[in-house]
1. Can you give the local net charge around A:ALA187? Use residues other than it whose beta-carbon is closer than 13 angstrom to its beta-carbon, Lys and Arg +1, Asp and Glu -1.
2. Under the rule a/c < 1.5 gives rounded, and otherwise a/b versus b/c splits prolate from oblate, where does region B:262-326 land using the Cα gyration tensor?
3. Let's test the formula: R0 of 22 Å, r as the Cβ-Cβ distance of A:GLU290 and A:ALA214. What FRET efficiency results, to the nearest 0.05?
4. Which whole-angstrom value gives the distance between the alpha carbon centres of region A:263-332 and region B:124-141?
5. In terms of modelled amide H atoms, which long-range or inter-chain residues lie less than 5 Å from the amide H of B:ARG74?
6. For the pair A:GLU224 and B:GLU199, how long in nm is the line joining their label points, each one 7 Å along Cα→Cβ?
7. Mind checking which of B:LEU297, B:ASN247, B:THR264 is farthest towards the positive end of region B:245-308's charge dipole, using Cβ charges of +1 (Lys, Arg) and -1 (Asp, Glu) about the Cα centre?
8. Rounded, prolate or oblate for chain A? Axes are the square roots of the Cα gyration tensor eigenvalues, ordered a ≥ b ≥ c, and the cut-off for rounded is a/c under 1.5.
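Derivation of every value follows stated rules applied to the coordinates shown; laboratory data play no part. It should be emphasised that the depicted structure is a prediction, and the values quoted were computed from it without experimental measurement. Please note: Cβ atoms are built from the backbone with ideal geometry, for glycine as well, and neighbour counts cover all protein chains shown.
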Amino acid sequence: MSQNRKNDRDLEKYRRMQRIRQFEDLAESIHAQGEIPGALHTYAGMEASGVGSCMALRDDDYMVGNHRSHGHPIAKGAKLRPLMAELLGKKTGVCSGKGGSMHLSDFSVGSLGETSIVGSGVPVAAGAALGAKMQGTGQVALCFFGDGATSEGAAHEGMNLAAVWKLPAIFVCENNLYGMSTPVANAVPVKDLADRAKAYAMKSFIVDGQDVDAVEAAVLEAAEYARSGQGPVFVETKTYRYADHAVNMGRDLTPRGGEEHEWKARDPLTLYRDRLEEAGVDGAMLDTIESEIADEVADALKFARDSEYPQQHEAFTDVFVDPVPMPAYLRA
Amino acid sequence: MAKTTFLDAIRQAQEEELERDEKVFMMGEDIVCNVFGTTTDFAEKFGLERVRDTPISENGFIGAGAGAAMVGMRPIIDATISSFLFPAMDQIVSIIAKSRYIYGGQAKLPLVIRSCMFYGNSNAAQHSDRPYAMFMNVPGLKIIAPSSAYDMKGMLKAAIRDDDPVLCFEDSTCWMNKSELPDDPDFLIPLGKGDIKKEGNDISIIAVAGAVPIALKAAAKLEEEGISIEVVDPRTLVPLDREIICNSVRKTGRAITVDPAHQTCSAASEISATIVENVFDALKGPVLRVTTPDTHLPFSPDIEKPLYPNVDRICAAARQLMDARQTVSA
């Protein structure tokens with residue numbers, strides 16, 4: 001890779017991480033004021049895991065995620081306007097106002113869903129990998145899931161199937177130390193979740209999930225391995241979520257043991273900015289990126305606020321290809 | 001023309017669609033060895049890439065069907081026995097039924113999940129389910145339950161070509177039913193259309209799956225007693241052809257719903273409620289249900305077999321309805 005291309009790529013990683021952080025900060029604040037209905041699960045603190053993973057993929061590679069869904073599409077390159085509009089329940093939302101915060105899924109960037117039943121995305125990713133393999137497209141399917149999902153049967157069944165059929169799948173386990181309020185050590189008898197992969201004779205990596213370059217390097221290697229037909233790969237990113245399981249619930253349910261200070265001292269954005277500056281990137285350029293992202297996020301919110309809500313009849317479309325009947329009492 | 005069994009109609013439908021469209025493939029437990037005769041010689045003909053034996057992992061491979069469908073394939077998933085759908089409830093309900101909706105129409109899931117209802121032969125409660133009604137309560141799943149070889153072939157081919165997920169419930173009591181089958185490779189019966197299996201004037205019997213042949217036998221017996229029976233087979237349970245049901249009951253004024261499922265919240269219950277809500281003014285008596293009582297299915301044959309709908313129970317219900325008329329007119 002030429003130095004220029006490497007620089008562009010590095011700046012893009014920083015841009016995407018900034019986009020996630022600023023999107024999440026704004027979403028949390030307007031959720032607190034009641035502008036976003038429902039529960040909001042934010043990705044702040046985990047940006048390097050998502051961005052490093054997605055930067056290692058081709059644009060046409062598939063991605064499946066989970067209820068902590070905002071960071072994944074942004075990491076894969078999605079535009080912010082439809083994502084923010086979705087959070088506000090607007091018709092212009094990426095899911096037409098039917099999915100909301102737990103399902104920010106932009107199929108135009110290769111997403112096949114952000115599914116909010118823990119572990120349920122793993123079989124879907126295995127199936128997408130099967131479809132890619134059968135159609136000979138050379139695509140891989142990457143699945144994000146958390147530490148909690150590694151105790152779900154669906155995750156094990158999906159991984160087993162991918163392994164026994166040598167499917168081009170990458171299972172990125174974002175180990176953020178807590179399944180809602182439950183510390184991972186209370187839920188899983190192994191120290192490294194990557195150990196789960198051994199049962200499926202699956203290649204695995206453990207990476208520093210706060211280091212976007214490290215995540216990118218691991219997933220690049222995983223993607224090359226999977227694409228070459230050797231089978232799926234498990235990547236455990238050791239990371240940390242800054243907010244509670246869902247924000248603005250009134251009290252933090254996460255029983256943190258003081259470790260939050262250590263993790264925040266290794267903030268993925270700060271770490272990366274420092275690295276870029278050490279490598280000679282002009283700090284003013286990074287400041288410009290940050291202020292451009294601030295404008296982008298503000299523009300997304302304005303777009304969302306200016307957008308219409310869906311009409312009642314739209315609750316009856318997309319159940320099937322053809323709409324289902326709407327009862328008369330809703331037609332008035 | 002030679003007659004073909006219900007089981008062979010399934011095989012023919014699959015074979016023709018596998019030949020027609022390279023995106024169609026099959027997966028399931030032990031399909032290569034052809035347990036029931038619906039995949040005869042498929043492995044040799046279509047290869048192991050397109051005819052895939054899976055691990056015993058229903059939630060995994062049914063969910064993988066969803067993923068494959070989302071990226072352009074058209075899987076036929078053979079879940080063997082319908083009781084085996086339960087381990088896959090997660091993927092069927094949360095992923096397959098809801099993905100098109102929850103992502104605002106971005107996801108497309110053209111897939112068929114086949115399973116047989118294997119009841120009436122001492123397989124005990126865990127292998128004898130008729131669970132379509134449970135899935136009728138989940139929007140987003142089309143559900144078919146054909147009763148003849150003719151319907152089976154035309155509807156399964158239509159299901160494979162449909163762009164929505166379809167659950168196909170195959171009643172094993174119909175396996176040996178025979179029909180003459182068209183050899184037109186585009187023979188399709190549209191989903192959502194019921195069929196009048198026999199015309200009559202006094203009572204409409206709306207029967208589901210394996211209850212249809214029993215209702216036809218009961219109808220023949222009742223005709224001898226001077227009671228004229230119309231037998232309506234909805235064929236598709238979702239979307240349900242409410243019009244054909246209501247039109248029939250409007251004509252006869254009496255209705256019996258017959259369903260091999262357990263009574264509470266059965267397909268028979270939904271059909272009964274549809275009749276009462278829409279055709280109440282035409283009814284000359286109550287809408288009766290002939291179903292399987294709300295107990296489990298025991299192993300021991302003598303106490304299992306009488307639990308299902310049978311000719312005698314249907315005839316008794318019909319006589320009760322006709323007596324009700326006489327009581328009212330007297």
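1. Within the 13 Å Cβ shell, the charges total 0.
2. Details: a/c = 4.39, a/b = 1.65, b/c = 2.66.
Cα axes put region B:262-326 in the oblate bin.
3. On the way: r = 23 Å, r/R0 = 1.03.
Working from the Cβ atoms, E equals 0.45.
4. 40
5. Here the answer is B:VAL24, B:PHE25, since their amide H atoms fall under 5 Å of that of B:ARG74.
6. With each label point 7 Å from Cα toward Cβ, the separation is 7.4 nm.
7. Going by the Cα projections, it comes out as B:ASN247.
8. On the way: a/c = 1.38, a/b = 1.12, b/c = 1.23.
Verdict is rounded for chain A.
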